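Below is one structure, written out as structure tokens; comments come after it.
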Amino acid sequence: MSAEIVQLVEEAGPYLSAAVGAYGAAVLVRAGGVMVDAAVEGTAGLGRRILQLVWHRRDEEGRAALESAVREAAEEPEDADAAAALRQQIKRALREDAELARELAALLPAQGGLTVNVSGTRAIGAQHIGIAASGDNTAIHPPRQ
């Protein structure tokens with residue numbers, strides 16, 4: 001398997017997880033009736049587009065396998081094996097369709113930039129962090145020597 005495909009699937013992983021978490025097994029169909037928090041929509045929306053792109057490019061057998069992997073990942077969101085099985089389906093599709101791999105690469109944000117989405121009371125977002133404190137009456141003291 002080419003390193004490029006592995007890299008693409010690693011980059012797509014968080015988007016796939018967000019989409020399955022937000023839309024469940026309905027991610028492969030038009031999600032018209034599913035309400036998704038606006039903060040989640042960006043990441044989940046991209047994941048949904050990725051999954052739908054792959055699904056539309058697969059044959060009947062490939063679609064059934066992808067649907068099964070999505071359903072299992074949606075039913076067991078904390079199961080690393082279910083998430084891995086979904087990523088494996090994406091890898092298989094990319095290995096079989098070089099044009100699909102190019103289309104997926106074009107969908108993903110360019111690497112090198114940084115995007116941090118933080119929401120919620122006292123939420124902290126940082127690329128690199130030493131000490132961070134969030135809370136009522138927080139005090140940070142230097143270490144004793």
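The values are calculated or read from the model by the stated rules, or taken from the named source; none is laboratory data. Everything numeric here is computed off the predicted structure, so don't read it as measured data. Here Cβ is always computed from backbone atoms with ideal geometry, including for glycine, and neighbour counts include all displayed protein chains.
Of ALA44, ALA25, all but one fail to be out of contact with any strand residue (DSSP E or B) (no Cβ under 7 Å at 6 or more places or on another chain), crowded, with 19+ Cβ neighbours inside 10 Å and at pLDDT below 90; the exception is ALA44. Inspect all residues belonging to segment 66-83 and state whether any of them is closer than 14 Å to VAL9 by Cα, polar (S, T, N, Q), at pLDDT 75 or above and in contact with a helix residue (DSSP H, G or I) (Cβ under 9 Å, 6 or more places away or on another chain). There is no residue in segment 66-83 that is closer than 14 Å to VAL9 by Cα, polar (S, T, N, Q), at pLDDT 75 or above and in contact with a helix residue (DSSP H, G or I) (Cβ under 9 Å, 6 or more places away or on another chain).
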